[in-house]
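Q: Structure in structure tokens, see below.
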Amino acid sequence: MSATQTQVVLPTTARRKWLTPAVREHLQVYLPLLVIVIALSALASSRNGAFLSTMNLERMLVASSVLGILAVGQTFLLVGGQLDLSVGSLVSLGSVLTAKLVAGEVPDVVIVLVAVLVGAASGALWGLLVSLLRVPPFILTLGGLAVFASIALTVAKSTPIPLPTGLDWLQTGSFLGLRTPTLIWLLCVIVGGVLLHFTRFGRNVFALGANEEAAFLSGIATTRTKIAIFVLNGTLAGLAAVVITGRVGAGDPRAGIGLELVVIAAIVLGGASLAGGRGSILGSLLGVLVLGVVTSSLTFLSVPDSYDQFVFGAILIAAVSVTAGADFRRRRKVQRRA
Amino acid sequence: MRATLELRNVEKSFPGARALKDVSLTAFAGRVHALLGENGAGKSTLIKIASGALQPDAGQLLVDGRRQRFTPRSAKAAGVRVLHQERQIALTRSVADNVLLDLPPRGRFGLVTGRGVAREAGRRLARVGADLDPDAPAWTLSVAQMQLLELARAVCADAKCIIMDEPTATLHRAEIDQLFSVVRQVRDSGIAVIYISHHLDEVMELADDYTVLRDGTKVHDGLVAEVTTGELVSHMFGDEVSMRRADIHEGAATPGPVAIELKDACFGGAVRSVSLKARRGEVLVVTGAVGCGSREVARLMAGAIQPTSGTVRILDGHRGGRRAATRAGVGFLPADRKREGLMLDRSIVENALLAENGMLRAPAFNPLSAARRATEVCRRLSVKLSDVRAPIRGLSGGNQQKVILARWLQVGSDVLVLDEPTAGVDIPSKSEIYRLLRERAAAGDAVVVFSTEYQEICCIADRVVVMRDGRIAGELDGESATEHRIFEMELGS
């Protein structure tokens, strides 16, 4: 193509500018979240100095860990254009199951393994149904949510199963000042982050969510990828169930009620799109932290419980409006230039 | 002649770029006005201003001699309607609902009833001569039928001026004829039509007046009857851009070994017992009217669908789906770039390297080296871009198409199956894509192009296979193929 070179190519090397469109997009999402976190922390600690104490920070992280672990798995799904609403009940079911196993004096390793496998099996089921029957995951997993909730309640006879002993490492263990649930969360974030952002598999997940047909025609194993992210999400839900059981000290058949929506809210706060193809593990992490700080600061500001949901909803609406608005303006700019 | 829509001395700048400089355009009642210019010349900006979607920095809009404000509402109220390239159709609703999308008729008690809507829609469709079933769901329509639907909707909303943006980009000849006859009917009813197209032969056939834009300025206008295609091309591009076979086709190819072979391949009712060989070192073009099965043959060849009977041998007996075909070196460019080819909101890097993911070697993904590799391969195809990490949405159609080609060059595909590679692509990019395809064939790759554009076929083909009703109607030698002979073969005469 040398004869008529009518076009000029303007290559930009990768290192010259750090403020790439992608980085800018991330900052647009992260900065408002950071502002919320800092503002709320400042407000809460001005009223009560104990807010920023090591103990409260530790408690906040531990309290957020279940949500955080779930968010890692669900981020893969949202980025891949999928969704799993059944995780809330899956956590409840896993919790009941864990408590039963502890009561049966099964070794902890086996307990974790069983919970994780049950979660993975549930994920595999959704993955297979979604990709082979081409059912929309929303309705399918909504059904799963109801079924799992019912199973959990039935098995536990509708009352929490107390754990007198067992899973102590989840209560007491710590390393570098971080408690075990926090450590598990951190590990999930690191592994998940690398997997989603720095591997071919991760790129496939993005491609799946951005345009499944284009990905398929480009030779990407879309079905396999889809099933894999459902399994991954289920696995992490199983792990989260063990963590919550150990932390609370009981197998609660209502442990996960509502978690599925809070998780999705946190991830969307972190910049993911329900339409797929966008999102990041770091963003989801920030989203979870924001919700954790909000919950904790409301307690410290002695806001009555009944306002919790209001504040949570208002922050969600505000943050999503800001990021969605920025996204809309950016897109319009690109389109106009075209 | 009565001026229906008049744009006077329109100016528009975007940050960093002057989009329009002192452009004026007058569309007359009962005439078709062609708006010409390559991608980026300012056509889209101009129609956005005419329809109120964009505010100009200076200039006036007059409809029937009355000055209008530049807002979508006032433009619509004044009777300016745009048929965008992206169809504005509610796919899950019926044809009738879509025709009356803006203003459903109210019957007794002011209620909107399905029967009333269907009856009214039928009347309106008949008025423009569009032969559509009002009760059919909109998703069952072909692209051409959707266009007729949109046209009917615009006419019935008392449009005075209808702007059509590249309406024939994905249509085939017979459908174009049908569309044209409706457009003529619309024109004869006294409506002014502004028609944007890359196809100069269509312009010569349909339009009465023309305006040529280049780099945001009006370089020429006049009567179509007084101008030749060659003159229009040189107005559009300044210097000569070649679209002749002699300049692109460097001479007879020497066909090499068979890369893809179809033997009595069938796919449902769409493809019926097709036997076909694509060889290395040649450009094979498969053509035929819409619904002739060529689209399915393209997918069979790419391994994206499997034959219901018969065999498809891709590269030495290799089988097993699109993924395996990719790994064996078969690149595929689908017809619908936006729906099937690109991840519009993802970066150029990710789009250019998409196929690499399916190849699977080292699992690590390094964003830095990815940007470098994408830049390299985009440079090889002279993709015009400012930043490889920007969303691909911002590129022109021609450059987007080149990025898809780059995707396959990047992974070293040496069998290219390309479905309408130049749909919605401007002429300079077209001729660059043609040269690239000839180059690949000369280098020993197998290139199979599925095209319905006669000029393109005659320009690049070593061999032309014409399909009709799911079967092969005949084969022509590229050298002797003419638009006339291909057309005859498609019709079966």
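The values are calculated or read from the model by the stated rules, or taken from the named source; none is laboratory data. Just so we're clear, the structure is a prediction, and the values are computed from it rather than from any experiment. Every residue, glycine among them, receives a Cβ derived from its backbone with ideal geometry; neighbour counts consider all protein chains shown. What goes into the accessible areas is simple: the full protein's heavy atoms, side chains included, and nothing from ligands, DNA or RNA. Shrake-Rupley method; radii C 1.70, N 1.55, O 1.52, S 1.80 Å.
Q: Report, as a whole number in µm² per second, the diffusion coefficient that Stokes-Einstein gives for region B:113-269 at 25 °C and 0.890 mPa s using the Kirkwood radius over alpha carbon pairs.
A: Taking Rh from Cα pairs, D becomes 128 µm²/s.
Q: With a Cα-only, solvent-free Debye model of region B:161-236, what are the log10 I(q)/I(0) values at q = 0.12, 0.28 Å⁻¹?
A: Evaluating at q = 0.12, 0.28 Å⁻¹ gives log10 I(q)/I(0) of -0.34, -1.47.
Q: For chain A, what does the relative contact order come out to in percent, with C-alpha contacts under 8 Å and a separation of six or more?
A: Worked out over chain A, it gives 33 percent.
Q: Relative contact order for chain B: what is it in percent, counting Cα pairs under 8 Å that are at least 6 residues apart?
A: Here the relative contact order equals 15 percent.
Q: Using only protein heavy atoms and a 1.4 Å probe, how much accessible area in total is buried between B and A, to the nearest 100 Å²? Provide the component values of the computation, followed by the final result.
A: Working: alone 21970 and 17700 Å², together 35190 Å².
Accessible area lost upon association: around 4500 Å².
Q: Once both labels are modelled 7 Å past Cα along the beta-carbon direction, what's the A:Thr154-B:Leu223 spacing in nm?
A: Reported label-point gap for A:Thr154 and B:Leu223 is 8.4 nm.
Q: Still on this model: What whole-number value in Å² describes the accessible area per residue of chain B for a 1.4 Å probe?
A: 40 Å²
Q: Let me ask something else about it. What percent antiparallel are the DSSP beta bridges of region B:349-493, to the nearest 5?
A: Close to 55 percent.
Q: Hand me the trypsin sites (Lys or Arg not before Pro) from region A:73-161 located in a DSSP loop with no more than 10 other Cβ atoms within 10 Å, in residue order please. Kindly include the intermediate steps, with their values, before the conclusion.
A: Numbers: sites: A:Lys100, A:Arg134, A:Lys157; in loops: A:Arg134, A:Lys157.
When the trypsin sites (Lys or Arg not before Pro) of region A:73-161 are filtered for loop state and at most 10 Cβ neighbours within 10 Å, A:Arg134, A:Lys157 remain.
Q: Follow-up question, since we're still on this one. From the C-alpha gyration tensor of the protein assembly as shown, pull out the three semi-axes of the equivalent ellipsoid (sqrt of 5λ each), sorted largest to smallest, in whole Å.
A: One finds semi-axes of 53, 33, 27 Å for the protein assembly as shown.
Q: Report in % the part of the accessible area of region B:1-98 that belongs to carbon and sulfur, leaving out ligands and nucleic acids; probe 1.4 Å.
A: 45 percent
Q: Separate question: Please compute one quarter of the surface area of the Cα convex hull for chain A and express it in square nanometres.
A: Working: hull surface 83.4 nm².
Averaging across all directions leaves 20.8 nm² for the Cα convex hull.
Q: For A:Ser306 and A:Ala103 in one chain, what is 0.36 nm times their gap in residues minus the Cα-Cα distance, to one decimal in nm? Don't jump to the answer; show the numbers that get you there.
A: Working: separation 203, 0.36 × 203 = 73.08 nm, distance 3.57 nm.
Length gained, A:Ser306 through A:Ala103: 69.5 nm.
Q: Using a 1.4 angstrom probe on the protein heavy atoms only, line up B:Glu120, B:Glu226 by accessible area, largest first.
A: Working: B:Glu120 40, B:Glu226 140 Å².
The ordering from most to least exposed comes out as B:Glu226, B:Glu120.
Q: Looking at region B:122-211, which GluC sites (Glu not before Pro) are in a loop (DSSP not H, G, I, E or B) and have at most 13 other Cβ atoms within 10 Å?
A: When the GluC sites (Glu not before Pro) of region B:122-211 are filtered for loop state and at most 13 Cβ neighbours within 10 Å, nothing remains.
Q: Right, another one. Specify the angular offset, from 0 to 90 degrees and rounded to the nearest 10, of the alpha carbon long axis of helix A:87-103 from the longest principal axis of the alpha carbons in chain A.
A: On a 0 to 90 degree scale, this one is about 40.
Q: Measure off 7 Å from each Cα along the Cα-to-Cβ vector at B:Arg67 and B:Arg8, then give the distance between these two points in nanometres to one decimal.
A: Once both label points are built, they end up 0.8 nm from each other.
Q: Something else: Okay, helix-only estimate at 222 nm for chain A: each DSSP H run of n ≥ 4 adds -39500 (n - 2.57), divide by all residues, round to 500 deg cm²/dmol; what do you get?
A: Details: 13 runs with 243 residues, N = 338.
Using -39500 (n - 2.57) per qualifying helix, the result is -24500 deg cm²/dmol.
Q: Quick one: go through region B:387-418 and flag any residue whose amide nitrogen is under 18 Å from the point 7 Å out along the Cα-to-Cβ line of B:Arg313.
A: Taking a point 7 Å out along Cα→Cβ of B:Arg313, the residues of region B:387-418 whose backbone N falls under 18 Å are B:415.
Q: Still on this structure, please answer the following. Provide Rg over Rh for chain B; use the alpha carbon set for both Rg and the Kirkwood Rh (inverse mean inverse pair distance). Write down the numbers at each step before the final one.
A: On the way: Rg = 23.8 Å, Rh = 24.2 Å.
Taking Rg over the Kirkwood Rh, I get 0.98.
Q: Specify the inter-centroid distance of region B:152-188 and region A:122-172, based on alpha-carbon positions, in whole Å.
A: Region B:152-188 and region A:122-172 have Cα centres separated by 55 Å.
Q: For region A:97-121 and region B:293-332, what is the separation of their Cα centres, given in Å?
A: Computed from Cα coordinates, the inter-centre distance equals 46 Å.
Q: Another question, if that's okay. If you take the beta carbon distance between A:Leu142 and B:Asp469 as r and set R0 to 30 Å, what does 1/(1 + (r/R0)^6) give as a FRET efficiency, to the nearest 0.05?
A: After rounding to 0.05, the efficiency reads 0.10.
Q: Sticking with this structure for a sec: Just for the protein assembly as shown, what percent of DSSP beta bridges are antiparallel, to the closest 5?
A: Counting DSSP beta bridges with both partners in the protein assembly as shown, the antiparallel share is about 55 percent.
Q: While we're on this one: Give me the percent of the accessible area of chain A that comes from carbon and sulfur atoms, probe 1.4 Å, all protein chains in place. If you can, show how the numbers build up before the last one.
A: Numbers: 10670 of 15360 Å².
So the carbon and sulfur contribution to the accessible surface is 69 percent.
Q: What nm distance separates the two modelled labels at A:Val322 and A:Ser174, each placed 7 Å from Cα along Cα→Cβ?
A: Computed distance between label sites A:Val322 and A:Ser174 equals 3.2 nm.
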